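One structure is given below, encoded as structure tokens.
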Amino acid sequence: MSGISQQDDEIIWVDSDTVRRADHDRAAYVIVYQCQWDLNGSLCQMWVEGDDGEMHTHLREYHGVKGDTKDVLTCRWLGCAQERKLGSMPRHVMTHLKIRYGCSNCTRTVARGDYLRAHLRNIEACSGANVVVVPGPHARVVGRECSVLL
């Protein structure tokens with residue numbers, strides 16, 4: 001399936017579920033990132049939504065990353081060879097996308113959503129704040145009538 005990036009009108013390849021989400025609401029948009037998982041010398045290059053759940057699904061369905069959540073495996077993202085537990089791999093891959101999570105009440109941004117949720121719990125002045133997702137530098141937007149540019 002293909003989607004049109006509203007940033008620069010390039011054609012990018014995403015899975016059918018991503019296309020359905022982008023098409024569900026014509027005014028909505030979905031932020032995607034190009035997968036850089038090494039497939040024995042060539043890169044995947046499919047575009048994947050930038051969240052833990054979608055990355056987990058992509059790694060399982062397209063790269064066979066399966067097993068017990070405590071199994072240790074090597075990250076095959078371009079330029080990385082860190083070892084992580086399988087259950088932590090999607091969150092680790094998200095760090096390669098350079099997505100940041102910000103507090104809507106203060107200027108704090110962090111690399112992981114769970115760190116920001118802890119900030120919201122522990123800082124009284126920010127307890128009612130929202131999590132703001134700050135897209136990484138290589139993000140693309142897919143959606144039919146998107147007016148948001150990254």
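Every number here is computed from the coordinates shown, using simple stated rules; none is lab data. Everything quoted here is computed from the prediction, not taken from an experiment. Quick reminder, even Gly has a Cβ in these numbers, built from the backbone with ideal geometry, and neighbours come from all protein chains shown.
Quick notes on this one:
- Taking 0.36 nm per residue of separation and subtracting the current Cα-Cα distance, fully stretching the chain between T69 and Q82 would add 3.1 nm.
- Ellipsoid semi-axes for the range 65-150, based on the Cα gyration tensor and the rule √(5λ), read 27, 21, 11 Å when sorted largest first.
- For the range 61-150, trypsin sites (Lys or Arg not before Pro) meeting the loop criterion (DSSP other than H, G, I, E, B) and having at most 12 other Cβ atoms within 10 Å: K66, K70.
- Label-zone membership for the range 100-143, site L43, 7 angstrom Cα→C-beta point, backbone N under 16 Å: 136-140
- Using the Cβ-Cβ distance between A118 and W13 with R0 = 30 Å, the FRET efficiency computed as 1/(1 + (r/R0)^6) comes to roughly 0.25.
- Neighbourhood net charge (11 Å Cβ-Cβ; Lys/Arg +1, Asp/Glu -1) for G67: +2
- Electrostatic bookkeeping for H56 treats Lys and Arg as +1 and Asp and Glu as -1; over the other residues with beta carbon under 12 Å from its beta carbon, the sum is -2.
- Remark: spin-label model distance V134-R20 equals 3.4 nm, labels positioned 7 Å along the Cα→Cβ axis.
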